[in-house]
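Below is one structure; the comments refer to it alone.
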Amino acid sequence: MMKELFPMKQVMGFIFSLVLTAVALMVYFFDMSFAIGMTILLVTAFIQAGLQLVLFMHAGESEDKNAIYITIYYGVLIAIFTILGSLLTMVWTYQFQ
Amino acid sequence: MEFFERFAIPHPSPAIYASMVAIAVVSIAIVVGLTYFKKWGYLWREWLTTVDHKRLGIMYIIAAILMLFRGGADAIMMRAQLSAPENKLLDAQHYNEIFTTHGVVMILFMAMPFIIGFMNFVVPLQIGARDVAFPRLNALSFWLFFAGAMLFNISFVVGGSPDAGWTSYFPLADNEFSTSVGTNYYMIAIQIAGLGTLATGINFLTTILKMRAPGMTLMKMPMFTWSALITNVIIVFAFPVLTVALAMGTLDRLFGTHFFASTNGGMDMLWANLFWVWGHPEVYILILPAFGIYSEVISTFARRNLYGYKSMVASMVIISLLSFVVWVHHFFTMGQGAFVNSIFSITTMAIAVPTGVKIFNWLLTLYKGKIVMTTPMLYSMLFIPLFTLGGVTGVMLGMSAADYQYHNTMFLVAHFHMVIIPGVVFAMLAALYYYWPKMFGFMLNDRLGKIGAWIIAIGTLVAFMPMFISGLDGQARRMYTYSEASGFGIWNMISMVGALMLAAGFALIVYNIYYSFRHAPRDIGSDPWDARTLEWATHTPIPEYNFATMPKIDTYETFWDSKKKGTTLFPDKIEKIHMPNNSGIPFIMGIIFFLWGFSFVFAMWIPLIICTLGIFACMAYQSFENDHGRYISIEEIEETEKELGGKR
Ligand code: HEM
Ligand SMILES: [Cu+2]
């Protein structure tokens, strides 16, 4: 009974998101190269965003979860296209020429 | 006095002073007229505070037509200036201002409200809904658009027009080279209207996904609704980029940041990049609803179902993705090199494929159909060959190596006018003729309509085909004059003739509205075209609740089937209907946003802060307001239905 009422998933998620925040903070407190720091920040940020979306904004718990996930995938895809494309035309192309 | 100096025009001319007088006179005439005929109350109750999607749609369309004439006046002035070499009608500065406002007005304040207006009017009817998902937000969208449009339009009489092109490239658009407040108007007016558009996108996405009549699965939606769905997806993903770019541009101009400056670590070409990340999807935001209109019109007047429904849907979904990966084709010459250009050349040419699929589907629909040549159908028939000219030249521009020759010449100008006019404007005119009886209860005259369509089509060709030639000969765009020796004179003179034909064509449409208002019969029934989709299953005039009972959908053309096979579309009994109340908040917020924008343009911080507080006050009021809408009783519905000729 107690077990069913206790929001295990949410509590674990909350702890995990705190851990992610702590890991991201390490970039500030420890000395590391720009590349490593950026990688840590990006990875933790994306996991964090996904976690919040699924656990605390309840994506996937309602009937229209397909619509929600399709729009999220679509949005992520567009964002990736836009960012990589912009980097390619504005930055990378000049570095490799 | 010093305070008021900022509102003076930096570069005046008699024509601008004349416009000031004209604007003042017209405004006074409107106020006097409304007071004299005691129409203020009517205006407030029925229009300014309305949340009804049909009325908002009509207001969008009226605004779009007004803006068409503003933009058209700009166009005639430009063509007149260029009609002869070394002409002195306009000077360089005025020419710059006019091509800038022409572009912004036509794309953002004519084409956008036109399509959004028809989306408002048609989509809820086509899916059997009583309104959009968030009616009050819908009203706010309209008033934000309207505030933005009006703010932009007064620029030329208060403080000076923007003059850096509709693309407003930095560093030209920065304070160093654009010293008047003109470009502030650009940044802030478009921002306000853009917020409205973004809200529309979310609103219609929700409406189409959540409010379809029972039985209408996605693959049973009418094609215009499909195109609206895809368009709104693109709006939701593209407009935030514009929002951010405009905010950064505003910061650069008013708060001394250097995002787009060429010094201090700024990146001037980042503006071009962000602008086109929004800008290319934007051209598809314009063209997809137009395609939706053509699909409806062609299948109605070919008297058969649309050929290749699934491939139509698939091609739009593919277009929605591809439209986000081609933007670099607008600046192939920026210097990013052959590798990057090749990638974007390929994606650009790929997007012509799904577009071609749609063209073939329409042709095949016609091939097996029994064609009835009405005015909307005539526009659709003229669209196919003319748009193909624009599309093919688009593919030519898409080849990056070749684009070095065409870029920023009149060839480019000819390309985008040949896609936008036959593509978007013809569709909007077709829709105007097609939906006019539903909106106003009488038909527009078909003979005048057809004459107008021919004049406009021939005018388009005469105005823009010569530009392909003078462009290939090297005439640059956005130049206020050229020498006699260049030999461009003859082509520009021909263009001028075409522009006058276009003006005559539009004038004929206005005359047609007047003529039909006077003479057209009013007993046209509710389905004068013998059409196929749900919007024609309503009464004319449409009662505010659209459908007394919910239609039951089982095929993609249930209304048509119900007419042919005699099945019942509305099986349910009448129940009381829940409707939203009118609200003055969206209109008031529109006014505050206008003042907010105006203060921002002139960097008047105290009024800006007051307006900002006003906006938040409206939002707070809205949040705490306890308004659960109202019910229309069964008796009242029965009464209305009886008056309109019986419940369906
Ligand atoms: C077959 C599909 C199309 C292709 C391959 C295509 C390709 C291009 C290319 C490569 C350019 C840039 C040329 C240059 O700057 O040198 C361009 C400009 C433009 N296109 Fe298209 N296009 C297509 C369809 C459309 C449609 C459907 C619209 C609008 C409804 C449109 C509107 C525009 C506009 C407004 C510009 C010019 C913007 C400016 O620089 O001011 N195009 N097009
Ligand atoms: Cu483009």
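The values are calculated or read from the model by the stated rules, or taken from the named source; none is laboratory data. For clarity, every value in this text was computed on a predicted model and none was experimentally measured. Glycine gets a Cβ as well: all are built from the backbone with ideal geometry, and neighbour counts include every protein chain shown.
Out of region B:305-325, which residues are in a loop (DSSP other than H, G, I, E, B) and either over 23 Å from the mean Cα position of the chain (by Cα) or among the β-branched types (Val, Ile, Thr) (or both)? It would help to see each step written out before you state the result.
Residues of region B:305-325 that are in a loop (DSSP other than H, G, I, E, B), as a first pass: B:305-308, B:323-325.
Matches in region B:305-325: B:ASN305, B:LEU306, B:TYR307, B:GLY308, B:VAL325.
Report whether or not B:PHE291 is surrounded by 23 or more Cβ atoms within 10 Å (Cβ to Cβ), touching a helix residue (DSSP H, G or I) at 6+ places or on another chain (Cβ under 7 Å), within 10 Å of chain A (Cβ to nearest Cβ) and touching a residue at least 12 places away in the same chain (Cβ under 8 Å).
On the way: surrounded by 23 or more Cβ atoms within 10 Å (Cβ to Cβ): yes; touching a helix residue (DSSP H, G or I) at 6+ places or on another chain (Cβ under 7 Å): yes; within 10 Å of chain A (Cβ to nearest Cβ): no; touching a residue at least 12 places away in the same chain (Cβ under 8 Å): yes.
Answer is no for this residue.
More than 11 Å from chain B (Cβ to nearest Cβ), aromatic (Phe, Trp, Tyr) and under 30 Å from B:LEU209 (Cα atoms): which single residue out of A:PHE29, A:PHE46 fits that description?
Details: A:PHE29 fails: under 30 Å from B:LEU209 (Cα atoms).
Going through A:PHE29, A:PHE46 in turn, the sole match is A:PHE46.
Go over the candidates B:ASP52, B:ASP91, B:ASP74 one by one and state the one that is of a type in the set (Asp, Glu) and within 30 Å of B:HIS578 (Cβ to Cβ). Before the answer, list the steps.
Numbers: B:ASP91 fails: within 30 Å of B:HIS578 (Cβ to Cβ); B:ASP74 fails: within 30 Å of B:HIS578 (Cβ to Cβ).
None of the others qualify; the one that does is B:ASP52.
State whether one or more residues within region B:188-211 are in a loop (DSSP other than H, G, I, E, B) and surrounded by fewer than 22 Cβ atoms within 10 Å (Cβ to Cβ).
If we filter region B:188-211 for residues that are in a loop (DSSP other than H, G, I, E, B), which is where we start, we get B:211.
Narrowing further to those that are surrounded by fewer than 22 Cβ atoms within 10 Å (Cβ to Cβ): B:211.
There is at least one residue in region B:188-211 that is in a loop (DSSP other than H, G, I, E, B) and surrounded by fewer than 22 Cβ atoms within 10 Å (Cβ to Cβ).
Could we say that B:TRP226 is within 16 Å of ligand 1 (Cβ to nearest atom) and at pLDDT 95 or above here?
Working: within 16 Å of ligand 1 (Cβ to nearest atom): no; at pLDDT 95 or above: yes.
When the stated conditions are applied, B:TRP226 does not pass them.
Between a residue in region B:381-396 that is within 14 Å of chain A (Cβ to nearest Cβ) and any residue that is polar (S, T, N, Q) and within 11 Å of ligand 1 (Cβ to nearest atom), which pairs come within a Cβ distance under 8 Å, given they are 6 or more apart or on different chains?
none
crowded, with 23+ Cβ neighbours inside 10 Å, of a type outside the set (A, V, I, L, M) and within 15 Å of ligand 2 (Cβ to nearest atom): is that true of B:SER299 in this structure? Before the answer, list the steps.
Working: crowded, with 23+ Cβ neighbours inside 10 Å: yes; of a type outside the set (A, V, I, L, M): yes; within 15 Å of ligand 2 (Cβ to nearest atom): no.
No, not satisfied.
Do we find a residue being farther than 26 Å from B:THR197 by Cβ, of a type outside the set (D, E, K, R), outside any helix (DSSP H, G or I) and at pLDDT below 95 anywhere in region B:615-625? Talk me through it step by step, then tell me what you get.
Residues of region B:615-625 that are farther than 26 Å from B:THR197 by Cβ, as a first pass: B:624.
From what's left, of a type outside the set (D, E, K, R): B:624.
From the residues that got through so far, the ones that are outside any helix (DSSP H, G or I) too are none.
No: region B:615-625 contains no residue that is farther than 26 Å from B:THR197 by Cβ, of a type outside the set (D, E, K, R), outside any helix (DSSP H, G or I) and at pLDDT below 95.
Okay, residues lined up against (1) within 16 Å of ligand 2 (Cβ to nearest atom); (2) buried (at least 20 other Cβ atoms within 10 Å of the Cβ):
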| position | (1), (2) |
| --- | --- |
| B:THR374 | no, yes |
| B:ILE384 | no, no |
| B:GLY398 | yes, yes |
| B:GLN405 | no, no |
| B:ALA414 | yes, yes |
| B:PRO422 | no, yes |
| B:MET428 | no, yes |
| B:ALA431 | no, yes |
| B:TYR434 | no, yes |
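Taking region A:64-87 as the region of interest, how many residues are of a type in the set (S, T, N, Q) and more than 10 Å from chain B (Cβ to nearest Cβ)?
To start, the set of residues in region A:64-87 that are of a type in the set (S, T, N, Q) comprises A:66, A:71, A:82, A:86.
Cutting the leftovers down to more than 10 Å from chain B (Cβ to nearest Cβ) gives us A:66.
Adding up the residues that qualify gives 1.
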